[in-house]
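Below is one structure, written out as structure tokens; the observations come after it.
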Amino acid sequence: MTISEAHLAFKFGLDKVDSLNYPNFLSEEIDLLLNQAYKRWVKQRYGNTNIKRESFEETQKRTEDLKNIVKTAVLTPQAYSVDNIDTNSRFIVLPTDHWFNVQERVKLSYTCGGVATQEYVQVRPIQHVEFDKVISDEFKKPDNTKVLRLMDNGKVEIIYASGTSVVEYRLRYIKQPVTVSLTTGVTFETSEHTHQEIVDEAIKIALEDIEAKRSNTFNPLIDNTKE
């Protein structure tokens, strides 16, 4: 579905429920609604807030829904900085279009029995409030089989064990949806079968907004009646 077709589908869908004389939307307003719907729709499919309570990759349909916006990146850690939470931690800058993590692994380098070894290990996400407790727990702290990961404003911070070093961070993620626009001709990146679902979501958002404004208009009248 091209962006022009998406605009027509939006207008047609809204006309089907036009018994309450809904206003005509400008092209810029339709673009805004489509973009709001696009982001909401992706979030619903990535998580399980959709009507079927099915998250990403839980069914073949969900996998097909988002496959075009799943990307992979192999990233290199930055040099040590005074901002690092620990001497054994390194920042890694995330891709500019990163939105949600799907899977992540870290390649560690260390010496075992005099033999230089590199292997991919588990990444265990933690929160900052957990750090002091986790880093001193013999079972949870980093070792040769796992590292810890904190999020920090467009970066991840990998915490690793003494005697090891981070070679690379391999990430698979959901990218941020592009901004669709009738002017630029940019349309949805997701699979063709998802486009009508996104348009339907945009119509839903438009109706929610219209009804909310009507409620704000009538509420004072209702309150005065109660008085």
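The values are calculated or read from the model by the stated rules, or taken from the named source; none is laboratory data. Just so you know, these numbers come straight off a predicted model, no measurement behind them. Using ideal geometry, Cβ is built from the backbone for each residue, glycine included, and neighbour counts are taken over all protein chains shown. Accessible surface areas use protein heavy atoms only, side chains included; no ligands, DNA or RNA. Shrake-Rupley method; radii C 1.70, N 1.55, O 1.52, S 1.80 Å.
Listing for the model above:
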quantity	calculated
Ranked by how many other beta carbons lie within 10 Å on average, peptides 70-77, 109-116, 129-136 from highest	70-77, 129-136, 109-116
List D65, D209, ordered by accessible area with a 1.4 Å probe, largest first	D209, D65
Fraction of accessible area attributable to carbon and sulfur, the chain (%, probe 1.4 Å)	51
Distance in nm between pseudo-label sites at I85 and N144 (7 Å out along the Cβ direction from Cα)	2.5
Total formal charge among the other residues, if their Cβ is under 11 angstrom from that of M1, Lys/Arg +1 and Asp/Glu -1	-3
Heavy-atom accessible area per residue - the chain, 1.4 Å, Å²	58
FRET efficiency estimate (nearest 0.05) - Cβ-Cβ, D97 to S162, R0 30 angstrom	0.30
Eligible lysines near K11 by straight Cα distance, threshold 18 Å, same-chain separation 8 or greater	K204
Nearest-0.05 FRET efficiency for K107 and T183, computed from C-beta distance (R0 45 Å)	0.55
In degrees, nearest ten, helix 195-226 long axis to first principal axis of the chain (Cα)	60
Reachable lysines, given that their alpha-carbon falls under 16 Å from the alpha-carbon of K155 and they are not under 8 places away in the same chain	K175
Highest-first arrangement of 179-188, 199-208, where packing means the average Cβ count within 10 Å	199-208, 179-188
